[in-house]
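Trainee: I'd like to ask you about the structure that follows.
The values are calculated or read from the model by the stated rules, or taken from the named source; none is laboratory data. Worth saying up front: this structure is predicted, and the values here are computed from it rather than measured. Here the Cβ positions follow ideal geometry from the backbone for every residue, glycine too, while neighbour counts run over all protein chains shown. Note: accessible area is taken over every heavy atom of the protein model, side chains too, but ligands, DNA and RNA are not part of it. Shrake-Rupley method; radii C 1.70, N 1.55, O 1.52, S 1.80 Å.
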Amino acid sequence: MQVIATAGHVDHGKSTLIRALTGMDPDRWETEQRRGLTIDLGDAWLTLPSGEQIAFVDVPGHERFVPNMLAGVCPVAAVMFVVAADEGWMPQSAEHLAVIDALGIRRGLLVVTRSDLADPGPALSQASRLIAASGLGEVEALAVSAVTGEGLPALVAALDRLAGSLPAPDPGAPVRIWVERAFSIAGSGTVVTGTLPAGTVRRGDELVVTPSMRPVRVRGIQALGEPADELTGPARAALNLRGASHDRLCRGMALVYPGRWTLTDVIDVRLTAAGPADGLRLPRTLTLHAGTARTVAKVRQLGGSVARLVLREPIPLHVGDHVLLRDPGASRAAGHQAPAPDGAPDGARQHPAVHGAVVLDVSPPPLSRRGAGGSAAAELASWPDPPTAADLLHRHGVLRASALLAMGISEHPDAVSGEWLADPGYWSELAGRLGEAVTAQVGREPLAPGLSLDAARAALGLPDRRLVDALVQPPLRVRDGLIQITPQEGAGPAADLPATVLAAVQVVLADLAAAPFASPDADRLRHLGLDPRAIAAAERAGLLLRISDQIVLAPGADALAGRVLAGLPQPFTAAEARIALQTTRRVAIPLLEFLDRAGVTLRLPDDRRKLVSQPAG
Ligand SMILES: Nc1nc2c(ncn2[C@@H]2O[C@H](COP(=O)(O)OP(=O)(O)OP(=O)(O)O)[C@@H](O)[C@H]2O)c(=O)[nH]1
Ligand SMILES: [Mg+2]
């Protein structure tokens, strides 16, 4: 199936042409039929000689209903542009063409209808020229009469060529159906209609409704009046939903695959060719149209053609989406202008009311620094359309793969940690900054055991501690949640200790060399400047053995004690151990407890001990 929207000025014969082609009346409402005026979108379809089916979305031409026209045209890939032979190019011809151009629709047909009322020649040449100057470019052009049927077989053949030439969108693309209508059918419940531009919906699928993100389940699918188990875009779809009452659904909401779209109210965009040239100021507030959604956008032009839009309501978007900005006031003024004179250089592009925009970033960083807007504009100006994972990573530094997927990008470089992706340049800069932060910490507090992962995360401004973990590379290492600098090989274990601590430790070790279990007392340690932090640092450097907070010995003293105690009759008392070790009770008791904990000695119920193993070393 292909989906083609009509376009063209009010009363130029769009709906009559659809009726003549399909035998179906796209004007559903009694008011529309009575007044001969399309108000809302209409559906009709046709099977072409090739077997391909075309679903038409018939749009209203009246300027008051341009928002409805936009809702119908937004998600389609091709248009059938209708101009009446007897009236020629008119204001909404120009506005519709500007809309089509701004939305990035690049395929279509020109049909000059009512050619039984006037020579279609002038309208054909004028409209062809104006369309050729727009993004639609050169399109096939035909003259028909919906009343006499003249030209209709040729139009069907041209539609077949157009349908056959349209690119096939990805059947695996994430689903987004902008809600056009929601209603209730007795016996079936809630039904939602809209265009499925790409991807596949299946019966039983779970979708979420934006902006509430409430889940709904697809109970049934209808397309072109027939039930279907699944539907692949492009298609016109009617979905029967479970989990939502029709009065909680309305035009402007969307049904989307969970996790595959970013619901956003701040976006950075590039204004496209139909919009302002450099230097042109946009109004501060415009109406933004995306799919069937319409919301107020506060416009901040950042420089060149880049702008930040702050939306009143959040909508589900991908980078690369085409959205439209419209100034309803300017449109009314334009609507009363005389039609563009034949031979005007570029009627469509002069239209003041409509600006196209391509979404570049759906979760842009805040612009808080001075000059941030200008540098953002400079960076975004160079981005391709649509932007790539590399572009977004360059801007954001790090992103989760799932966030990138919700931005509409599934291809990305390998993760640096878990599902985190990083810009390569930023990542190596971070590694450098982490090294500096740890070195600075060691310089500030030489005796601190290291920089905590959380402190490092905060210092680097990263969103997740696991990123810091992944940044730790030799000579950095993580011990007990602290980042330390691994002592350089050959530099000795004491390389990181300040000279004063090192000197004090040498004094203690010299004392202990003569009397290995005569641990210096608290006064002596204080006098030497060895506070608990210094002792802990010396222990980490492997220079001291800390038996308890108060008792330090030389490394290997535990093994020596084991050998001494092995020479005693087993089991032995604490007093016998103290005498054998030639030390005091102050040292002997904590030392024996230390050896108990290390599994070297075993304390018996009668408080005596026996040696059970030799300490390592
Ligand atoms: N003679 C003649 N009249 C036509 C032809 N096509 C449409 N008309 C008449 O033109 C008038 C407008 O036709 P519609 O089909 O309602 O026009 P429309 O473009 O759908 O109008 P809106 O939806 O309101 O924008 C009707 O009175 C039609 O009968 C044609 O080929 N020949
Ligand atoms: Mg109509």
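Trainee: Could you work out the equivalent-ellipsoid semi-axes for the chain, taking the square root of 5 times each eigenvalue of the Cα gyration tensor, largest first, in whole Å? Provide the component values of the computation, followed by the final result.
Mentor: Numbers: eigenvalues 1269, 144, 60 Å².
Output for the chain: semi-axes of 80, 27, 17 Å.
Trainee: In nm, what is the difference between 0.36 nm times the number of residues separating residue 560 and residue 148 and their Cα-Cα distance?
Mentor: 136.9 nm
Trainee: Distance between Cα centroids, the stretch 174-200 to the stretch 211-225: provide it in whole Å.
Mentor: Spelled out, the Cα-based centre of one part sits 5 Å from the other.
Trainee: All other residues with a Cβ under 13 Å from the Cβ of residue 46 taken together, and with Lys, Arg as +1 and Asp, Glu as -1, what is their net charge?
Mentor: -2
Trainee: Once every DSSP H run of n ≥ 4 in the chain is given -39500 (n - 2.57) and the sum is divided by its residues, what mean residue ellipticity at 222 nm do you get, rounded to the nearest 500 deg cm²/dmol? Intermediate results must be reported in sequence, preceding the final value.
Mentor: Numbers: 19 runs with 192 residues, N = 617.
My calculation for the chain gives -9000 deg cm²/dmol from helical runs alone.
Trainee: Can you give me the convex hull volume of the Cα atoms of the stretch 124-240, divided per residue and expressed in Å³?
Mentor: Values: hull volume 20.0 nm³, N = 117.
Spelled out: Cα convex hull of the stretch 124-240, divided by residues, is 171 Å³.
Trainee: Next question. Can you tell me which of 188-199, 237-248 comes out highest on packing, and rank the rest after it, using the mean Cβ neighbours within 10 Å?
Mentor: 188-199, 237-248
Trainee: Taking Cα centroids, how far is the stretch 157-171 from the stretch 580-612 in Å?
Mentor: Each part reduced to its Cα centre gives a spacing of 89 Å.
Trainee: Something else: Out of every Cα-Cα pair in the stretch 176-251, what percent are more than 17 Å apart?
Mentor: Here the tail beyond 17 Å accounts for 34 percent of pairs.
Trainee: Sticking with this structure for a sec: How do the peptides 117-130, 406-419 rank, highest first, by the average count of neighbouring beta carbon atoms within 10 Å per residue?
Mentor: Working: 117-130: 18.5, 406-419: 16.1.
Result, highest mean first: 117-130, 406-419.
Trainee: Arranged from highest to lowest average of other beta-carbon atoms within 10 Å per residue, in what order do the peptides 304-317, 67-80 appear?
Mentor: Numbers: 304-317: 20.9, 67-80: 24.2.
With the highest mean Cβ count within 10 Å placed first, the list reads 67-80, 304-317.
Trainee: A follow-up question, please. I'd like to check one number: the per residue accessible area of the stretch 504-617, probe 1.4 Å, reported in Å² as a whole number.
Mentor: Value for the stretch 504-617: 51 Å² per residue.
Trainee: Given labels modelled 7 Å from the Cα in the Cβ direction, how far is it in nm from residue 402 to residue 265?
Mentor: Roughly 2.3 nm, to one decimal.
Trainee: Antiparallel DSSP bridges in the chain: what percent, to the nearest 5?
Mentor: Approximately 80 percent, going by the DSSP bridge assignments.
Trainee: Using protein chains only and a probe of 1.4 angstrom, how many square angstrom of residue 327 are accessible, to the nearest 10?
Mentor: The value for residue 327 is about 40 Å².
Trainee: For the chain, which whole-number percentage of the solvent-accessible area (1.4 Å probe, protein heavy atoms only) is attributable to carbon and sulfur atoms? Kindly include the intermediate steps, with their values, before the conclusion.
Mentor: Numbers: 13990 of 26700 Å².
Answer for the chain is 52 percent, counting heavy atoms of protein chains only.
Trainee: For the pair residue 186/residue 419, report the inter-label distance in nm, with labels modelled 7 Å from Cα in the Cβ direction.
Mentor: My value for the distance between the label points is 4.6 nm.
Trainee: Right, something else. Residues of the stretch 135-281: accessible area per residue at 1.4 Å, in Å²?
Mentor: 43
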